[in-house]
Amino acid sequence: MRTTLRSPRVAIIGAGMSGLCMAITLRRAGITDVTVYEKAESVGGTWRDNTYPGLACDVPSRFYQFTFALKPDWTHLFSPGAEIRDYFTKVAKDFGLDQIIRFGTEVVHAELARDHWQLRTSDGETQEVDFLISATGILHHPRYPTINGLDDFTGPVFHSARWDHDVALQGKRVAVVGTGSTGVQIVCGVAGEAGRVTLFQRSAQWIVPFPNPSYSRITKTLQRIAPSLAELTYLGYRATSEVFAQALVKPGWRRRLISALCRANLRTVRDPKLRQALTPDYQPMCKRLVVSGRFYRAVQRPDVELVTERIDQVVPEGIVTTAGQLHEVDVIVLATGFDAHAFLRPMTLIGENGTTLDEVWRDGPRAHLTVSLPGFPNFFMLMGPHSPVGNYSLTAIAETQAGHILEWIQRWCRREFDTVAPTQAATDSFNAEMRAAMPDTVWTTGCTSWYLGQDGNPELWPWNPSRHRARLGQLDLAAHDLRFHAANTTQGGY
Ligand code: NA7
């Protein structure tokens, strides 16, 4: 007897890169009852929120894109943020997502009701869905530092992810607080335009010196007229990234090679005092490696100053360090990072037996294979806890996760279960396996960063990203609790 396929109602939270990827993956598979909830007024997530000067992705553009929407005419090896935002906007339009995205609508509450989810949005509307998928991003909530007197400053102060474009920087004295990828890119972006840039560095960063050449017209044409070349290029970047991703997760020649590159780059700083000030006290790659072929040149400019004394307080006219020196500035930019562990927050999520996500994650976010949670059936995450990061393409990770989630949904369509969730035992065993692998990773070699969770352990995938693809490519039925619920009424076909 043939089973009639049923058609699921799916809600995706977030229309950033990963939410778009999920929605398109579902629609391409013929699943059409999909709603994407987006609290802002446009797509793009981090690429919509970040608009600071100098913004670029630190993953090559030919690898930071969707395989189902390869763009032949990327302008640069590492293309600027606005171009990436435009790419995602175009992809959303090309795949008809404009009709299914509910802009300006935040999901504030989601609760399991036996075999489906009930959602509530900020405007009080409710909706029932068979699958709930969170794609709320990792680096979303700006982290504001607690610095005495910050509110007393007379000039503009803003976070890098909330850039105030009404503030003209020409000729101004600009303070940049923070030396992560963002601070480094901002210094490169504003040096020369601002009158003076003062970079307040709490920890020095290792910098890998990739140049950022533009693509020639002939390369763009070839990529356009030969789609198989575009695919091969993507795969070539993926293979290379996976060779070097090994440096992060295992000691060996790759780690030594990248470290040597960073050290050689640092030696290009001529002034020994400045070089010393820029020398980190931890291994390269322990914090996320900063990719920049321009930073050391920028920081050696006469109109750029590096301050390594800690900030003591902000006064109306500038920043005072613990050495008591006042640095008079006109604008303060806080490139102080994000709360990377606020997955899904501030929304409330209630799973089986009334258990909340906050209770389950009291000791930090944990998941099964980065995508699902015991006790939260038919709920999946993109970019969930321990998703592979570390200078690897998140579009590739999103595609792997979306493909995995689609497979579960297709099985639901074939009525192989009504609800699916990983078992607690499988989740515990996966997390134990990860913990055992952590000591080999470079992230545990002695530094602090947004990679570390509240227990001091890295919240990253401790193996090569290729293993993520392999593990998510094969559904492990034995690791899941598949249930049927009597009187399931969902009907229809797709
Ligand atoms: P990061 O990488 O978290 O960097 C934040 C920077 O801000 C880092 O240098 C911090 O120093 C510094 N920071 C944070 N708080 C303070 C205070 N209170 N005083 C001085 N300095 C401070 O964020 P980014 O936005 O640069 O990059 C995030 C990711 O975006 C990046 O990894 C890429 O994936 C893209 P610390 O090192 O903690 O001493």
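Rule-based calculations on the coordinates, nothing more; no lab input. What you see is a predicted model; the values in this text were computed from it and never measured. Quick reminder, even Gly has a Cβ in these numbers, built from the backbone with ideal geometry, and neighbours come from all protein chains shown.
Give, to the nearest whole percent, the P(r) tail of the range 396-442 beyond 13 angstrom, counting all Cα pairs. Kindly include the intermediate steps, with their values, before the conclusion.
Values: 753 of 1081 pairs.
Distances greater than 13 Å cover 70 percent of the Cα pairs.
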Taking the mean number of other Cβ atoms within 10 Å as a proxy for protection, how do you rank 288-299, 180-191 from highest to lowest? 180-191, 288-299
First select every other residue whose beta carbon is under 13 angstrom from the beta carbon of residue 390; then total the charges, Lys and Arg +1, Asp and Glu -1. +2
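Provide Rg over Rh for the range 346-429; use the alpha carbon set for both Rg and the Kirkwood Rh (inverse mean inverse pair distance).
Values: Rg = 13.5 Å, Rh = 13.8 Å.
Checking Rg against Rh, the ratio lands at 0.98.
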Quick check: from the Cα gyration tensor, does the range 1-151 come out rounded (a/c under 1.5), prolate or oblate? oblate
Evaluate the Kirkwood expression for the hydrodynamic radius of the range 293-353, namely the inverse of the mean inverse distance over all pairs of different C-alpha atoms, and round to one decimal in Å. 15.6
Report, in degrees rounded to the nearest 10, the 0 to 90 angle that the Cα long axis of helix 394-413 makes with the longest principal axis of the chain. 10
Most packed first (mean Cβ within 10 Å per residue), the peptides 303-311, 202-210 order as 202-210, 303-311
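Once the other residues with Cβ under 13 Å from the Cβ of residue 79 are scored (Lys, Arg +1; Asp, Glu -1), what is the net sum? The partial results should precede the final answer.
Details: positive: 62, 71, 85, 220; negative: 58, 73, 83, 86.
The answer is 0.
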Residue by residue, what Karplus-based ³J(HN,Hα) values in Hz, rounded to whole numbers, does the range 19-24 have, using 6.51, -1.76 and 1.60 with θ = phi - 60° and x for Gly and Pro? x, 5, 4, 5, 4, 5
If you look at just the Cα atoms of the chain, how large are its Rg and its Dmax in Å? 23.6, 82
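Please report, largest first and rounded to whole Å, the three semi-axes of the ellipsoid equivalent to the range 342-494, where each semi-axis is the square root of five times an eigenvalue of the C-alpha gyration tensor.
Rounded to whole Å, the semi-axes are 29, 18, 14.
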Rounded to a whole number, what is D in µm²/s for the range 249-398 from Stokes-Einstein with the Kirkwood radius over alpha-carbon pairs (20 °C, 1.002 mPa s)? 108
Structure-based [θ]222 nm, the chain - -39500 (n - 2.57) summed over DSSP H runs of at least 4, per residue, nearest 500: -9000 deg cm²/dmol
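Suppose every Lys and Arg Cβ carries +1 and every Asp and Glu Cβ carries -1, with no other charges. What dipole size does the range 112-234 come out with about its Cα centre, to the nearest 20 debye?
Details: 11 positive and 11 negative charges, 148 e Å.
Roughly 720 debye for the range 112-234.
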Scanning the chain, every Cys lacking a C-beta partner under 4.7 angstrom -> 21, 57, 188, 262, 413
Once the principal axes of the Cα atoms of the range 24-84 are found, what is the range along each, listed largest first in whole angstroms? 39, 27, 15
Compute the long axis of helix 81-94 from its Cα atoms, compare it with the longest principal axis of the Cα atoms of the chain, and write down the angle in degrees, 0 to 90, nearest 10. 20
Local charge sum around residue 479 (other residues, Cβ-Cβ under 13 Å, Lys/Arg +1, Asp/Glu -1)? -3
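Would you mind giving the three semi-axes, in whole Å and largest first, of the ellipsoid equivalent to the range 5-48 according to its Cα gyration tensor?
The equivalent ellipsoid of the range 5-48 has semi-axes of 22, 10, 6 Å.
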Could you tell me what fraction of 2.2 N^0.38 Å the Cα radius of gyration of the range 160-241 comes to, as a two-decimal ratio? 1.58
Relative intensity, log₁₀ I(q)/I(0), of the range 245-295 from a Debye sum that treats every alpha carbon as a point, q = 0.14, 0.25, 0.32 Å⁻¹: -0.38, -1.05, -1.37
At q = 0.13 Å⁻¹, what base-10 log of I(q)/I(0) does the Debye formula yield for the range 74-223 when every alpha carbon is treated as an equal point scatterer in vacuo? -0.96
To the nearest 20 Debye, how big is the dipole of the range 358-494 about its Cα centre, given +1 on the beta carbon of each Lys and Arg and -1 on that of each Asp and Glu? 360
Calculated from backbone phi, Karplus (6.51, -1.76, 1.60) coupling profile of the range 316-333 in Hz, x at Gly/Pro: x, 9, x, 10, 10, 8, 5, 6, x, 8, 8, 9, 6, 9, 9, 9, 10, 10
May I have the pair-distance distribution P(r) for the range 210-251, computed from all Cα-Cα distances with 10 Å bins from 0 and rounded to whole percent? 24, 39, 27, 10, 0
